[in-house]
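The values are calculated or read from the model by the stated rules, or taken from the named source; none is laboratory data. Here the structure is a predicted model, which is why all the values come from computation and not from measurement. Cβ placement follows ideal geometry from the backbone for every residue including glycine, while neighbour counts extend to all protein chains displayed. Please note that ligands, DNA and RNA were not included when accessible areas were found on the heavy atoms of the full protein model with its side chains. Shrake-Rupley method; radii C 1.70, N 1.55, O 1.52, S 1.80 Å.
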Amino acid sequence: MPFFSSLPEDATTRHIFQRSPQRFHAFAEFSQSLMRGDSPLSPGVRELLGAYVSALNECAYCVGGHIATAKRFGIEPDLLQALLDDIDNAHIEDRLKPLFRYVKKLSSTPHKMVQADADAVFALGWPEQALEDAIGVCCSFSFMNRLVQGYGIVADDTKFDERARQHAELGYVGQLISPAKSAGKSV
């Protein structure tokens, strides 16, 4: 149950955003651009990065919704746990590993970021935009993790697939700001 009595018991991020759409609209637009706009990183990889950051931040609500979304974009859900266990041995393209190391360090010890962290990404041929997008995902998901946890929004694993469908089909602005377009309910 959320910490705010004005929110329904089954509150979601949509409820938070719709409380103050003028406040959150710019963030939803930013999220849409970051997660679905042009990028050297596929939408699936960006969703996986978001789920990874959310797992590091122990936000089950965001982990569940975004790993389900990553799956819709062709990412194996078991990959998340493999990355959390050991990035170096995870069955992921070697070229992606420094990006995951980077966001892990940025999430856990941001004050320890150094040029060598960025250089490890660039050494594998990634353009600056790839790292910029990974940093953006890390920052935006850290914000959302704290928003969800601050409002007391809890994960309902029975709704992860529907949230994933909405993320994939409606996008971030359509899903978070616009009225519910599926079955008249927000998820």
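Can you tell me which residue is most open to solvent (accessible area, probe 1.4 Å) among those in the range 154-178 that are of a type in the set (G, A, S) and part of a helix (DSSP H, G or I)? If you could, list the steps in order and put the result at the bottom.
Of the residues in the range 154-178, the ones of a type in the set (G, A, S) are 155, 164, 168, 171, 174, 178.
Keeping just the survivors that are part of a helix (DSSP H, G or I) gives 164, 168, 171, 174.
Details: A164: 1, A168: 38, G171: 4, G174: 13 Å².
This residue is A168.
Quick one: in the range 107-153, of everything that is open to solvent by 30 Å² or more (accessible area, probe 1.4 Å) and of a type in the set (F, W, Y), which residue is nearest to the chain's Cα centre (by Cα)?
Ranking the qualifying residues of the range 107-153, first place goes to F143.
Cβ contacts < 8 Å: first residue more than 17 Å from D119 (Cα to Cα), restricted to the range 79-105; second residue modelled with pLDDT of 95 or more and assigned to a loop (DSSP other than H, G, I, E, B), any location; separation 6+ or different chain. Result?
L79/A90; L79/H91; L79/I92; A82/A90; A82/H91; A82/I92; L83/A90; L83/I92
Six or more apart or on different chains, Cβ atoms under 9 Å: show the pairs whose first residue is in the range 1-13 and over 16 Å from I177 (Cα atoms) and of a type in the set (S, T, N, Q) and whose second is at pLDDT below 95 and loosely packed, with under 15 Cβ neighbours inside 10 Å.
If the second residue must be at pLDDT below 95 and loosely packed, with under 15 Cβ neighbours inside 10 Å, the pairs left are S6/R19.
Identify all residues within the range 15-44 that are under 13 Å from the mean Cα position of the chain (by Cα), under 23 Å from P127 (Cβ atoms) and open to solvent by less than 20 Å² (accessible area, probe 1.4 Å); write none if there are none.
S31, L34, M35, G44
What helices (runs of 4 or more DSSP H) completely inside the range 1-70 contain at least 2 residues that are under 21 Å from E132 (Cβ atoms)?
On the way: elements: 13-19, 21-36, 43-56.
Counting at least 2 such residues, we get 21-36, 43-56.
Given (1) within 14 Å of M144 (Cβ to Cβ); (2) open to solvent by 60 Å² or more (accessible area, probe 1.4 Å), where does G64 come up short, assuming only one miss?
Of everything listed in (1) within 14 Å of M144 (Cβ to Cβ); (2) open to solvent by 60 Å² or more (accessible area, probe 1.4 Å), G64 misses just condition (2).
Regarding G150, is this residue small (G, A, S), at pLDDT 95 or above and within 25 Å of P2 (Cα to Cα)? Before you say what the answer is, go through the steps one by one.
Numbers: small (G, A, S): yes; at pLDDT 95 or above: yes; within 25 Å of P2 (Cα to Cα): yes.
So G150 fits the description; yes.
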